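Novice: Structure in structure tokens, see below.
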Amino acid sequence: METRFNFAPTSRFQGAGIVVCFDQNPESRNCWRVIERQFWNSGQTVNFSGNEKKFSSNTTYLRLRKKGTSYTAWFSADGRTWTEAGTREERRPLLLPVS
């Protein structure tokens, strides 16, 4: 999948990106933020599974490929020149009971 959006985060905990959910329930918390354009301690970055790379373009392209249980992600400022963010195995989050 591939997406494009304009986003200029300016303070901590602002982010936008691709989320993968592992069941059909729209209220599910069984999801993983796979790749995200964000503002964090180190400034404006793209974060893939904890691997941050500096990125300051307001226009952001994100690409995600799933093969088996492996996810590979890329990011780009123009949709033509891509930087690989990394590859990792599917990680389903641990769900805690809601009380």
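The values are calculated or read from the model by the stated rules, or taken from the named source; none is laboratory data. Fair warning: this is a prediction, and the values are worked out from it, not measured in the lab. The accessibility values were calculated without ligands, DNA or RNA, using every heavy atom of the protein model including side chains. Shrake-Rupley method; radii C 1.70, N 1.55, O 1.52, S 1.80 Å.
Novice: What value does the chain have for Rg/Rh, both radii from Cα atoms and Rh as Kirkwood defines it?
Specialist: Details: Rg = 14.0 Å, Rh = 14.2 Å.
That ratio is 0.98, to two decimals.
Novice: Between residue 1 and residue 72, 0.36 nm times their residue separation minus their Cα-Cα distance comes to what? If you can, show how the numbers build up before the last one.
Specialist: Working: separation 71, 0.36 × 71 = 25.56 nm, distance 1.07 nm.
So the extension gain works out to 24.5 nm.
Novice: Sticking with this structure for a sec: Mind checking the per residue accessible area of the chain for me, 1.4 Å probe, whole number of Å²?
Specialist: Working: 6380 Å² over 99 residues.
Per residue, the chain has 64 Å² of solvent-accessible surface.
Novice: For the stretch 34-47, take each phi angle, set θ = phi - 60°, evaluate the Karplus expression 6.51 cos²θ - 1.76 cosθ + 1.60, and give the result in whole Hz per residue in order, putting x for glycine and proline.
Specialist: For the stretch 34-47, the Karplus-derived couplings read 6, 9, 9, 8, 8, 10, 9, 3, 8, x, 7, 9, 10, 10 Hz, x marking Gly and Pro.
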